[in-house]
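Down below is the structure, laid out as structure tokens.
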Amino acid sequence: MALNQRKVAMVGCGSAGAASCFALMQSGLFTEMVLIDSEPGKAEGEAMDLAQGLTFSRPMRIYAGTFDDLADAAIVIVAAAASQRKGDTRLDLVKKNVDIFKNVIPEIAKRNEEGIMLIVANPVDILTYAALKISGWSENRVLGIGTVLDTARLRYLLSDKLSVDARNIHVYMTGEQGKGEVPIWSSASVSGVPIRDFCEMRGYPDPTDYFKVVTKEVRTSNDMITRKKKAAYYGIAMAVRRICEAIVRDEKSVLPVSSLMYGAFDIDGLALSMPAVVGKNGIECLVALDMSEEELDELRKTAATVKAIVDDVFGEAK
């Protein structure tokens, strides 16, 4: 079946999925959006809520459906995931969500062979790998939201500190999304000015301690938001919209999405969040960053953490 390049499908209508649908509805990128959930009533309610506000937006068809309805979707977003319950370890959550993916991803793959799959569910790097392994899709067409939001958080905090537009700050969070992610300060700049030089211009001659503080704040932002309001979803929704923009408009934008690594930085066979050129075909190529030895060591450590979990989960699955 030929793809409808203006159609998007959302699989999983929890808080992150629903908020992403709202952001996409307002973006003007799509003319059709189908919502799918394990609880059909949830998808129906979200679709009704969105569709009844279309008078204030652009013309669009929004409806609840089944997996059959995503056969011609250009982008399939997967936000289906279990919540971490009290007493669950990180590995418990990974196994729960991999089990969900074992049910969901084959349903997508057998109906849609040419679209792009965007993984939003957490832990995103491990689940991006799971989606690749289970679906059999080509590696450029399966990507995760990665550290796109974390990078935006970092740039926002730096912009506030340095009193400069966040859009002029170029720095990336990389590695495994979450507490193990690694900021790459070595190649960071503000409109071409190395970040440390710009900090000095703004009255911070030695920003080393601040870099440590802001890194910790970014790594823990999701947990902080969740403690205060039970769930974090607006930032995720805006990151989903940004990635979809790059795909639909074939922007060739550099975004730190999660994708399969092939030997770069001595990391192979894992999905990690690294800057990549993103366009209509998904991931075109990774973008090499200059790193210090310390940053490279941190990146390899976070990769080793991911590998240990992947080996545990998929070793048992064999």
Among strands (runs of 3 or more DSSP E) lying entirely in the range 49-149, which contain 1 or more residues that are within 22 Å of Lys230 (Cα to Cα)? 73-78, 116-119
Can you confirm whether Ala23 is under 16 Å from Val240 (Cβ atoms), surrounded by fewer than 22 Cβ atoms within 10 Å (Cβ to Cβ) and touching a helix residue (DSSP H, G or I) at 6+ places or on another chain (Cβ under 8 Å)? yes
Restricting attention to the range 235-275, which residues are of a type outside the set (S, T, N, Q), in contact with a Pro (Cβ under 9 Å, 6 or more places away or on another chain) and touching a residue at least 60 places away in the same chain (Cβ under 8 Å)? Leu255, Pro256, Val257, Met274, Pro275
Out of everything in the range 167-207 that is farther than 20 Å from Val148 by Cβ, among the hydroxyl-bearing types (Ser, Thr, Tyr) and out of contact with any Lys or Arg (no Cβ under 9 Å at 6 or more places or on another chain), what residue ends up being surrounded by the fewest Cβ atoms within 10 Å (Cβ to Cβ)? Ser191
Which condition breaks for Gly41 when tested against (1) assigned to a helix (DSSP H, G or I); (2) surrounded by 13 or more Cβ atoms within 10 Å (Cβ to Cβ)? (2)
Residue satisfying condition, being polar (S, T, N, Q), modelled with pLDDT of 95 or more and closer than 19 Å to Ser292 by Cα, within set Ser187, Ser191, Ser159: Ser187
How many residues are among the small types (Gly, Ala, Ser), at pLDDT 95 or above and closer than 30 Å to Leu29 by Cβ when one looks only at the range 277-318? 2
Those residues that are within 15 Å of Arg141 (Cα to Cα) and small (Gly, Ala, Ser), I need them from the range 242-269; list them, please. Ala246, Ser258, Ser259
Select, from Tyr172, Tyr210, the only residue that is more than 24 Å from Ile247 (Cα to Cα) and in contact (Cβ under 8 Å) with a residue 12 or more places away in the chain. Tyr210
Does Ser273 satisfy the condition of being crowded, with 20+ Cβ neighbours inside 10 Å and either within 20 Å of Val171 (Cα to Cα) or assigned by TED's automatic domain parsing to the domain that holds Ser20 (or both)? yes
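The values are calculated or read from the model by the stated rules, or taken from the named source; none is laboratory data. These figures come from a predicted structure and were not determined experimentally. Backbone-built Cβ (ideal geometry, glycine too); neighbour counts: all protein chains shown.
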